[in-house]
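Asker: Take a look at this one; I'll ask things after.
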Amino acid sequence: MKEQKEVLLSVQHLKKYFHVGKNAILKAVDDVSFDIYKGETLGMVGESGCGKTTCGRTCIGLYDRTDGKVLYKGQDVHALEPKEKRSFKKEVQMVFQDPYNSLDPRMTVAEIIGEGIDIHHLAKTKQERQDIIYKYLELVGLNREHANRFVHEFSGGQRQRIGIARALAVQPEFIVLDEPISALDVSIQAQIVNLLVDLQKKMGLTYLFVAHDLSMVKHISDRVGVMYLGNLVEYGDTKDIFKNPLHPYTKALFSAIPVPDPDAKMNRIVLEGSIPSPANPPSGCKFHTRCANCMAKCKEVAPQQKEIEPGHYVVCHLYDDV
Ligand code: SF4
């Protein structure tokens, strides 16, 4: 019998536009749909400015939506009643890209981690509060002596561990990891990713992992979504996407992944031009100005999402007749 997966977060035709200047509208997220299943990691990749961070933030209600819906456990994230909002804010957390700016330098580590514990009344006594803080510090590879120190006393990797402990201390179910390793030294990145994998197994967490490092996305994700100029152009199981990328943009992105073999031949696809402005996107397929496979209809008609193999979706006219 086929295993039935539980949808934790369902994103349906989500749009997030920003007004920039007098009449310009920046379409950061432009009709994006996907589901995230309980216990999985969905990796979201794309060049900077593609809308992946805005998408993650809109999914957890940090930004209001322009159109469409985000359902968390069936509830509309942007229309929660105050009581539902409180429990949503506890169950859903975010780890930010920059561990230098996302932690208050005037607070001790204990105060940073304790804030969420206090807001959500998770400790009955001072001792219990302290025990929870120690527990999560140790869980992320720090120790209780770190609790009374200030953020400037820590390295970048340690600060990100504090950010993760802060998120975990309120016992969330779903965490948006917004480029959690991109500000860190390469030598530290793998440690943080391995910590996140380990915590997911221990605590049954669900992740949306926003990143541009494809090797890390491959390592951590069960499924991958590829964004270009506010659109999700391809998504599916990680093994299918990496083995058989379908969209010309995905192929170009993946062709740039370094191979750990000096004799291996790199067939790198170099994209022409730079990413167009989301305030003035190309007509038809938004990728047509950079696509080597561009056909006449690509300039006029926006392609629709199509399921090419079970669970593997692509948005490209090359697959219209498949
Ligand atoms: Fe390229 Fe056309 Fe496919 Fe867009 S729809 S990715 S332009 S082939």
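Asker: Within the set of pairs 6 or more residues apart or between chains, which connect a residue that is closer than 14 Å to PHE34 by Cα inside segment 309-322 to a residue that is among the basic types (Lys, Arg) and within 14 Å of the ligand (Cβ to nearest atom) with Cβ atoms less than 7 Å apart?
Answerer: TYR313/LYS306; VAL314/LYS306
Asker: Also, quick follow-up: Need at least 2 residues that are among the β-branched types (Val, Ile, Thr) and open to solvent by less than 20 Å² (accessible area, probe 1.4 Å) per element, so show me which strands (runs of 3 or more DSSP E) inside segment 217-322 make the cut, counting only ones lying wholly within it.
Answerer: Output list reads 223-228.
Asker: Does PRO310 qualify as being farther than 24 Å from GLY21 by Cβ and at pLDDT below 95?
Answerer: yes
Table: residues versus (1) farther than 30 Å from GLN189 by Cα; (2) open to solvent by 20 Å² or more (accessible area, probe 1.4 Å); (3) modelled with pLDDT under 95.
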{"site": "GLU3", "(1), (2), (3)": "yes, yes, yes"}
{"site": "TYR17", "(1), (2), (3)": "yes, yes, no"}
{"site": "LYS22", "(1), (2), (3)": "yes, yes, yes"}
{"site": "ALA79", "(1), (2), (3)": "yes, yes, no"}
{"site": "GLU91", "(1), (2), (3)": "no, yes, no"}
{"site": "TYR100", "(1), (2), (3)": "no, yes, yes"}
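Asker: Of the residues THR66, THR58, which single one is within 30 Å of ILE257 (Cβ to Cβ), in contact (Cβ under 8 Å) with a residue 12 or more places away in the chain and surrounded by 15 or more Cβ atoms within 10 Å (Cβ to Cβ)?
Answerer: Working: THR66 fails: within 30 Å of ILE257 (Cβ to Cβ).
Only one candidate qualifies: THR58.
Asker: Within segment 123-151, count every residue that is under 15 Å from LEU168 (Cα atoms), in contact (Cβ under 8 Å) with a residue 24 or more places away in the chain and open to solvent by 40 Å² or more (accessible area, probe 1.4 Å).
Answerer: Residues meeting the conditions: 2.
Asker: Here is a further query. For GLY163, are the conditions met, namely being closer than 30 Å to VAL7 by Cβ, out of contact with any strand residue (DSSP E or B) (no Cβ under 8 Å at 6 or more places or on another chain) and touching a residue at least 60 places away in the same chain (Cβ under 8 Å)?
Answerer: So GLY163 fails the test.
Asker: Also, quick follow-up: Do you know which of the residues in segment 169-195 that are free of Cβ contacts under 8 Å to residues at least 60 places away in the same chain and open to solvent by less than 40 Å² (accessible area, probe 1.4 Å) is nearest to CYS50 (Cα to Cα)? Show your work before the answer.
Answerer: Let us first name the residues in segment 169-195 that are free of Cβ contacts under 8 Å to residues at least 60 places away in the same chain, namely 169, 181, 185-195.
Now restrict to residues that are open to solvent by less than 40 Å² (accessible area, probe 1.4 Å): 169, 181, 189, 192-193, 195.
Working: ALA169: 31, ILE181: 18, GLN189: 22, ILE192: 24, VAL193: 23, LEU195: 27 Å.
Result: ILE181.
Asker: Residues that are touching a strand residue (DSSP E or B) at 6+ places or on another chain (Cβ under 7 Å) and within 9 Å of the ligand (Cβ to nearest atom): does segment 272-294 have at least one?
Answerer: yes
The values are calculated or read from the model by the stated rules, or taken from the named source; none is laboratory data. This one's a predicted model, so the numbers in the text were calculated from it and none came from an experiment. Neighbour counts are summed over all protein chains in view; Cβ atoms, including those assigned to glycine, are modelled from backbone coordinates with ideal geometry. Surface areas here come from the heavy atoms of the whole protein model, side chains and all, with no ligands, DNA or RNA. Shrake-Rupley method; radii C 1.70, N 1.55, O 1.52, S 1.80 Å.
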